[in-house]
Each structure stands twice: as structure tokens, then as C-alpha cells.
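Reviewing the structure listed below.
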Amino acid sequence: MAGYILALDQGTTSSRAILYDDHARPIKMAQQPTTLQTPKAGFVEQDAQQIWQTQISCAHDVINQAGLLATDVTSIAITNQRESIVMWDKQTGKPLAPAIIWQDRRTADYCKTLAAEGASSMMNDSHDDVASEVQRITGLRLDPYFSASKIAWLLENNPKLSVRASRGEIAVGTIDSWLIYKLTGGEHVIDVTNASRTLLYDIHKLAWSDELCARFAIPMNILPKVLPSDGDFGKTKKGLFAKQIPIQAVLGDQQAALFGQGCLDAGMAKNTYGTGCFMLMNIGQKPRLSEHKLLTTIAWQRKSTPTCPDNLSFDQIVQSGKRILQPPKKEVTYALEGSVFMAGAIVQWLRDNLGMIQKSSEIEELALQVDSSEDVVLLPAFTGLGAPYWRSDISASITGMSRGTTKAHIARAALEAVAYQTYDVLIAMQKDSPHPLTELRVDGGAANNDLLMQFQADLLDVPVLRPRDTEITAKGAALLAGLKTGLYDEATMQASWQVDRIFEPKMSSDIREQHLDKWQRAIDRALTSL
């Protein structure tokens, strides 16, 4: 079966489109930057129209670059920055405010107030406090990072929007919803993985939560319909391409990376080394709430193939009127997630703020000038510490320096800090999950740093596997679309993941403990100094 999958990858700083052939190989990519705006301290916004225009432009560009026609494209897959939201007019399709991006912290006080009010009511009524209620229903934390408080802020600070919302005149959604609405000319839907990042979705009942929508004062009529990750999201509207192309797979970016890394079995995990680090572990088909300050999220929801007589397809059975032995199920896979705020951003800081290197790629060569960071520890809490500490009040520091300390020692300590933070997240995951980790699959820009990957394998004491194709996010969405359409099968998916290098642990247990002890002392100093 010949054909191509058009994967749209809408990220925080750029929009991309990648075409995959019938063997799941990328053949062309188009990319355009998007602009982040910070009008006030804590505010991070984007122009929703720019998001759409850059994304559709990339889609047309990549088809033209490949010398193909839209008629050659089997289906569209979408992966996107998560938690960011857009609010628009249902009739005109025009944005009613700038998109509020996942990095935005404007609702920090709102979340603190909500948590304090909930704690007070719990003392009086013996109900869950809000933070516990949020985790119990959504698997997440009460934090400005997620979508709910962003939506609440827009409604609270724009009285006209609140009135229009009550009349059902506006729509809100994450970036996948916005792109689907624009692509189809009116479909207001959302993929289940993105819904699970809003702080409004019940990951057990697989439905919007009445309690949390009421808690955040968000009318349910403005929320999109939730579909499985390989659901039928509609077709592109007439005139957008030479034919109407179905949208058949949508995944949030980190879930797409988990799928693209082939982590389909419980216990398999991936870590994306980007600006921050996002580690996800497949925990199977039952949600397990973290007891160690991690997130529980939906990895994906797929429609399983029904058992049908006479080897006929499900559609053929429906048309013939024959009995279906087993109706199709919508199987849900869950994941534990840990977020590290500063990873590649540490290297950017050394480059831009300290001028220690000219290009980020120079960090490895500089770090290799010394055999050890000695006693130097860089604690990268520039925006506090993420999982499993969740301490926004801790500041960054460099400790253990002496007269003999050079910038090479600091560079090596910076790379080690990325690996240390990942170790902390993984240990928390191992405590929460009954499945022992046997390997870690990696992607992202910093995954190309051999020194960092070897140190990571040494700390974790498991092999670290780096694939040849590091554009894993778009590929994950494309693979899901290909499986849905029949363009790919499981063999195609397995063949598409090829290892570039395996980093085997080499460090002795004594040396490993010395490194971890050094890191833990730095953490303890930061915690006790407050």
C-alpha cells in the first residue's frame, strides 16, 4: 500500500511539517519559527493566528519540496506543545485573546489561593483539599503549568468573554484543538492525551470532570469533544488542499515521543533532553497515582481491532449485518511523567549569560578537558526544582569550587546536573511503578552528547539507547496515523526504530555512590538554607 503521512509538529518555538513514506521514513521537513511574547513578568503568550499560519504554510511547503501532490497524502497526524490554550469565536473562528503558553506563570497566586481555600474547607468538612482532589481525578498537580487556571484567568479577567461563554458563543482548546478547528473549518475536538493535561479531565472515567469545571468556574459547553488518539478528527476543509485529507492521529508531544520510541510495553521509558527533560514511563492500562510527586497521565488511547467472523473487516461486518464476536474497544495506556525544568537550558545559560562557549555543541569538548568535575556541583534551580521536589523557592547555585576550578569543571558539572535530575525522577518512578526499568530510550538535542549519555547510563546502571532518527515526536504521531490507516503494520513500526548507539553502564558501584552522595549533599544544602 503506497502513500504518505503528513505529520504536523507544532512546538513552543516553531511549527514543522514532516512527510513520512510507506516505510515510516522521513523524506522532507519544513519549519518556520514562532514568536513568544512576554508582556509582563510571568506572562508567556503567542499569536494564535501565527501558530496556524506557520503550521499550514509548512504543510504546503513540505508537500511541494517533496515533489508530491496532496492526493498522495493518506492522512494527517498532529503532535503539539501541551497545556497551552487558545480561545476563539465559534462563528468566525477568530482568536479572542493571545494563546497562553504552558510556560506561563500568571496564575501562580490563583492556584495558591485555590489550594488554601480548599485546605480550609477540608478542615471544616473533611473533604479532599483541592490539590488532592485534582490529583485523584486528573493524576496531575494543582499548578499554573496546566490549562485549567489559564482558561479561568481569561474568563475572570474578560467579563465579556465570561458572558459569551455562558451563551455558548466561544470555544477553547489546546493547540491540537485549535489546529483541527482551522484545518477542518469547524470541528471542535481534542485528543485524549491533550485533554488529560488540562486539569479538567477525569482520567478514570475518561470524561470532563463536573467537579473540576465547577471548581475553576469553566462552563463545560466551551470545551471540545474528546476523541481517542487515533480517532476520526474530521477532514480538511475544501480548498485547503487539492483533496480533503483525513486527520487520523493526534498526540501531545511527550506522549508522541513515548510512542515513537516504541515504548509500548509497561515498564518501558523514554527521556527527552530538550530545554528541559520529560521522562515518561509506560505503566500499562490501569492508572496508578504517584506517591512520589510525579504525574499520572494518559499515554494514548487506541481503538482495538474487533474480533470478527470470516476474516472480514469491522466495516465489512457492519455493512453485512453479521454478528460481531467482540465490539471494538478503546484501549487506554497510562504513563508516569516527571518533568525537569532545566536541561539544555543550562547549556544555553553557560553560552548566553556567562559566555563560556560560543555554541551549545561546544559544551562536550570543553567538559572533556577534565577527567572529573571534582567537588563542583551545579544545582540548576533557575526556576526552582521540578519533579520530584517541586520547590519553586530554591535558587540555582554552584558549590564545591576551589582555586583550581576551571570553566571545564563547571561545564562538566552542568552536564552531570542534567543526568542527576533525571536519576531523581527515575528513582521516584521506580518507587511508583511495579515494573523495573531495564533500559532508557532517549531523544532530543542533548541526547547527541556522548559524555552526558554515558554518565546517564552510569548513574542509572541501565543501558541508554539512542535511536538514529531523533525526530521522535513527529514520528510517533505519524506511526499512529499509519497504523490507523493500514499504511503501516507492527513490523513497520519495529523496523522504523533503529538504534544509533547503546551506552552501557561502566561505572563501579562505589564511584556511582560517591557521585550521588555529592549531588544529594548539594540538594540538602539548598533545602536547609531556606
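The values are calculated or read from the model by the stated rules, or taken from the named source; none is laboratory data. These numbers were taken from a predicted model, which means no experiment stands behind them. We place every Cβ from the backbone using ideal geometry, glycine too, and count neighbours over all the protein chains shown. SASA here: full protein model, heavy atoms, side chains in, ligands and nucleic acids out. Shrake-Rupley method; radii C 1.70, N 1.55, O 1.52, S 1.80 Å.
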Scan the stretch 410-422 and give yes if some residue there is open to solvent by 40 Å² or more (accessible area, probe 1.4 Å) and either free of Cβ contacts under 8 Å to residues at least 24 places away in the same chain or of a type in the set (S, T, N, Q) (or both), otherwise no. no
Index of the failed condition, residue 112 passing every other in (1) free of Cβ contacts under 8 Å to residues at least 40 places away in the same chain; (2) over 26 Å from residue 149 (Cβ atoms): (2)
Considering every residue within the stretch 17-28, establish whether at least one is touching a residue at least 60 places away in the same chain (Cβ under 8 Å) and closer than 30 Å to residue 221 by Cβ. no
What are the residue pairs meeting all of these: first residue in the stretch 212-228, first residue on the phi > 0 side of the Ramachandran plot, second residue part of a helix (DSSP H, G or I) and open to solvent by 20 Å² or more (accessible area, probe 1.4 Å), Cβ atoms under 9 Å, and 6 or more apart or on different chains? 217/156; 217/162
Condition set among the aliphatic types (A, V, I, L, M) and under 16 Å from residue 263 (Cβ atoms), scope the stretch 430-458, selection surrounded by the fewest Cβ atoms within 10 Å (Cβ to Cβ): answer is 437
Candidate set: the stretch 459-489, residues that are farther than 23 Å from residue 9 by Cα and open to solvent by 10 Å² or more (accessible area, probe 1.4 Å); chosen: the one nearest to the chain's Cα centre (by Cα): 465
Conditions first: (1) among the small types (Gly, Ala, Ser); (2) in contact with a strand residue (DSSP E or B) (Cβ under 8 Å, 6 or more places away or on another chain); (3) farther than 27 Å from residue 191 by Cα. Residue 478 passes all but one, so which condition is the exception? (3)
Hits in the stretch 343-357 - residues which are out of contact with any helix residue (DSSP H, G or I) (no Cβ under 7 Å at 6 or more places or on another chain) and free of Cβ contacts under 8 Å to residues at least 60 places away in the same chain: 349, 352, 353, 354, 355
Can you tell me which residue is nearest to the chain's Cα centre (by Cα) among those in the stretch 256-306 that are part of a strand (DSSP E or B) and of a type in the set (Gly, Ala, Ser)? 299
I'd like to know if the stretch 79-90 contains one or more residues that are within 24 Å of the chain's Cα centre (by Cα) and more than 24 Å from residue 221 (Cα to Cα). yes
Take the conditions open to solvent by 20 Å² or more (accessible area, probe 1.4 Å), within 14 Å of residue 264 (Cβ to Cβ) and assigned to a helix (DSSP H, G or I) and apply them to residue 495. Does it pass? no
Of the residues in the stretch 251-297, how many are of a type outside the set (Phe, Trp, Tyr), over 22 Å from residue 423 (Cβ atoms) and either out of contact with any Ser or Thr (no Cβ under 6 Å at 6 or more places or on another chain) or open to solvent by 10 Å² or more (accessible area, probe 1.4 Å) (or both)? 10
Please determine whether any residue of the stretch 75-88 is open to solvent by 70 Å² or more (accessible area, probe 1.4 Å), at pLDDT below 95 and on the phi < 0 side of the Ramachandran plot. no
Going residue by residue through the stretch 52-75, is there one that turns out to be part of a strand (DSSP E or B), under 22 Å from residue 140 (Cβ atoms) and in contact (Cβ under 8 Å) with a residue 12 or more places away in the chain? no
Would you mention how many residues in the stretch 28-50 are open to solvent by 70 Å² or more (accessible area, probe 1.4 Å), under 22 Å from residue 471 (Cβ atoms) and in a loop (DSSP other than H, G, I, E, B)? 0
Go through the residues of the stretch 92-113 one by one and say whether even a single one is open to solvent by 70 Å² or more (accessible area, probe 1.4 Å), part of a loop (DSSP other than H, G, I, E, B) and in contact with a Gly (Cβ under 8 Å, 6 or more places away or on another chain). yes
Going through the stretch 146-177 one residue at a time, which ones are in contact with a helix residue (DSSP H, G or I) (Cβ under 6 Å, 6 or more places away or on another chain) and closer than 19 Å to residue 6 by Cβ? 176
Selection within the stretch 351-372 - crowded, with 16+ Cβ neighbours inside 10 Å and more than 12 Å from residue 451 (Cβ to Cβ): 351, 356, 357, 360
Using beta carbons and a limit of 6 Å, which pairs, at least six apart or on different chains, have the first residue in the stretch 154-174 and under 13 Å from residue 188 (Cα atoms) and among the aliphatic types (A, V, I, L, M) and the second one open to solvent by 60 Å² or more (accessible area, probe 1.4 Å) and not in a helix (DSSP H, G or I)? 171/90
All but one of (1) in a helix (DSSP H, G or I); (2) over 30 Å from residue 73 (Cα atoms) hold for residue 465; state the number of the condition that does not hold. (1)
Can you name every residue in the stretch 375-399 that is surrounded by fewer than 17 Cβ atoms within 10 Å (Cβ to Cβ) and either in a loop (DSSP other than H, G, I, E, B) or at pLDDT 90 or above (or both)? 375, 383, 390, 392, 393, 395, 397, 399
Pull up the stretch 498-530, narrow it to residues that are modelled with pLDDT under 95 and of a type in the set (Asp, Glu), then point me to the one that is surrounded by the fewest Cβ atoms within 10 Å (Cβ to Cβ). 524
